[in-house]
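Chemist: First the structure, then my questions, so here it is.
The values are calculated or read from the model by the stated rules, or taken from the named source; none is laboratory data. From a predicted model like this one, the values you see are computed outputs, not experimental measurements. As a convention, Cβ positions derive from the backbone with ideal geometry for all residues, glycine included, and neighbour counts pool all protein chains shown.
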């Protein structure tokens with residue numbers, strides 16, 4: 001039997017949902033400054049990756065709490081976040097290519113060339129990573145509570161979940177006929193829905209949630225398929241060589257195998273949605 005959120009009847013009460021959201025929201029804002037500082041200072045691959053992930057989760061958290069924050073503050077967060085995402089995107093693309101090359105045990109020279117290109121991009125982009133204004137962080141860090149806010153958060157969660165479900169149901173059967181922009185948007189919706197469930201479910205239920213597992217599998221599978229395309233694009237930035245030529249058939253085989261996994265992941269998600 002389902003309750004207000006479409007989850008098992010054991011789903012938490014609105015008051016608990018509110019407390020959990022406020023606590024996790026605060027953690028996201030607390031984590032951002034240090035990740036941004038490290039990404040600017042050292043630019044290590046994992047720091048850049050986590051910065052992007054935390055920023056996405058924060059934007060989802062603010063979207064979930066719509067109405068708890070001033071509209072102008074939400075707009076400023078959106079603009080600031082877009083600048084961070086745009087500045088780090090090409091750096092992350094190179095990091096994916098470096099990881100792929102390292103996993104394939106290619107020559108150190110080829111890895112070093114790709115890493116050198118990546119570091120060059122990071123040095124140019126690091127100047128485009130502005131700190132979040134302290135006053136904006138202060139306004140976003142502690143959203144209001146109360147009984148009315150709890151009930152409102154329940155309705156907002158339901159609205160977002162229904163929106164994501166319908167978008168996925170609409171595009172899932174024709175995902176492989178969509179253009180690149182359509183596929184990218186589909187992956188984003190899958191990711192938003194995953195983040196929403198992770199934001200709202202208690203920690204002990206995360207591993208047991210069937211829909212969350214399907215969303216995570218779909219996100220990771222489609223993400224890997226996208227990453228392989230990014231690796232192929234990064235090849236164009238490397239010096240042509242016999243070794244690079246030999247890697248292209250390997251990459252093509254991996255893309256073909258990942259495509260099969262993507263079909264299976266989407267079929268699993270479709271069956272879960274009914």
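Chemist: Of the residues that make up the range 179-187, is at least one in contact (Cβ under 8 Å) with a residue 60 or more places away in the chain and part of a helix (DSSP H, G or I)? Steps first, please.
Modeler: Of the range 179-187, the ones in contact (Cβ under 8 Å) with a residue 60 or more places away in the chain are none.
Checked against the condition, which is being in contact (Cβ under 8 Å) with a residue 60 or more places away in the chain and part of a helix (DSSP H, G or I), the range 179-187 yields no hits at all.
Chemist: Filter the range 237-247 for residues that are out of contact with any helix residue (DSSP H, G or I) (no Cβ under 7 Å at 6 or more places or on another chain) and assigned to a helix (DSSP H, G or I); which is surrounded by the fewest Cβ atoms within 10 Å (Cβ to Cβ)?
Modeler: Within the range 237-247, the first condition is being out of contact with any helix residue (DSSP H, G or I) (no Cβ under 7 Å at 6 or more places or on another chain), and the residues that meet it are 240-242, 245-247.
Imposing the further condition that a residue be assigned to a helix (DSSP H, G or I) reduces the set to 242, 245-247.
Numbers: 242: 7, 245: 10, 246: 10, 247: 20.
Across the range 237-247, the extreme among qualifying residues is 242.
Chemist: Cβ-Cβ below 7 Å, separation at least six or inter-chain, first residue in the range 140-159 and surrounded by 13 or more Cβ atoms within 10 Å (Cβ to Cβ), second modelled with pLDDT under 80: which pairs?
Modeler: Pairs that qualify, where the first residue is surrounded by 13 or more Cβ atoms within 10 Å (Cβ to Cβ) and the partner is modelled with pLDDT under 80, are 154/4; 157/5; 158/4; 158/5.
Chemist: Can you pull out every residue in the range 55-67 that is buried (at least 19 other Cβ atoms within 10 Å of the Cβ) and over 16 Å from residue 200 (Cα atoms)?
Modeler: Matches in the range 55-67: 55 only.
Chemist: Residue by residue through the range 74-83, note down the ones that are in contact (Cβ under 8 Å) with a residue 40 or more places away in the chain and either surrounded by fewer than 15 Cβ atoms within 10 Å (Cβ to Cβ) or within 20 Å of residue 163 (Cα to Cα) (or both). Talk me through it step by step, then tell me what you get.
Modeler: Step one: list which residues in the range 74-83 are in contact (Cβ under 8 Å) with a residue 40 or more places away in the chain, which gives 76-77, 80, 83.
Scanning the range 74-83 gives a single hit, 83.
Chemist: Of all residues in the range 160-178, count the ones that are without any contact (Cβ under 8 Å) to a residue 24 or more places away in the chain, within 20 Å of residue 59 (Cα to Cα) and crowded, with 16+ Cβ neighbours inside 10 Å.
Modeler: Of the residues in the range 160-178, 1 are without any contact (Cβ under 8 Å) to a residue 24 or more places away in the chain, within 20 Å of residue 59 (Cα to Cα) and crowded, with 16+ Cβ neighbours inside 10 Å.
Chemist: Which of the helices (runs of 4 or more DSSP H) found entirely inside the range 71-150 contain at least 2 residues meeting this: within 20 Å of residue 38 (Cβ to Cβ) and at pLDDT below 95?
Modeler: Details: elements: 71-103, 108-125, 134-141.
Of the helices (runs of 4 or more DSSP H) lying wholly inside the range 71-150, those with at least 2 residues that are within 20 Å of residue 38 (Cβ to Cβ) and at pLDDT below 95 span 134-141.
Chemist: Right, residue 226: surrounded by 14 or more Cβ atoms within 10 Å (Cβ to Cβ), closer than 30 Å to residue 15 by Cβ and in contact (Cβ under 8 Å) with a residue 24 or more places away in the chain or not?
Modeler: Numbers: surrounded by 14 or more Cβ atoms within 10 Å (Cβ to Cβ): yes; closer than 30 Å to residue 15 by Cβ: no; in contact (Cβ under 8 Å) with a residue 24 or more places away in the chain: yes.
Spelling it out, it is not the case that residue 226 is surrounded by 14 or more Cβ atoms within 10 Å (Cβ to Cβ), closer than 30 Å to residue 15 by Cβ and in contact (Cβ under 8 Å) with a residue 24 or more places away in the chain.
Chemist: Hey, can you tell me all the residues within the range 97-133 that are more than 14 Å from residue 48 (Cβ to Cβ), in contact (Cβ under 8 Å) with a residue 60 or more places away in the chain and under 21 Å from the mean Cα position of the chain (by Cα)?
Modeler: Passing the criteria: 100, 131, 132.
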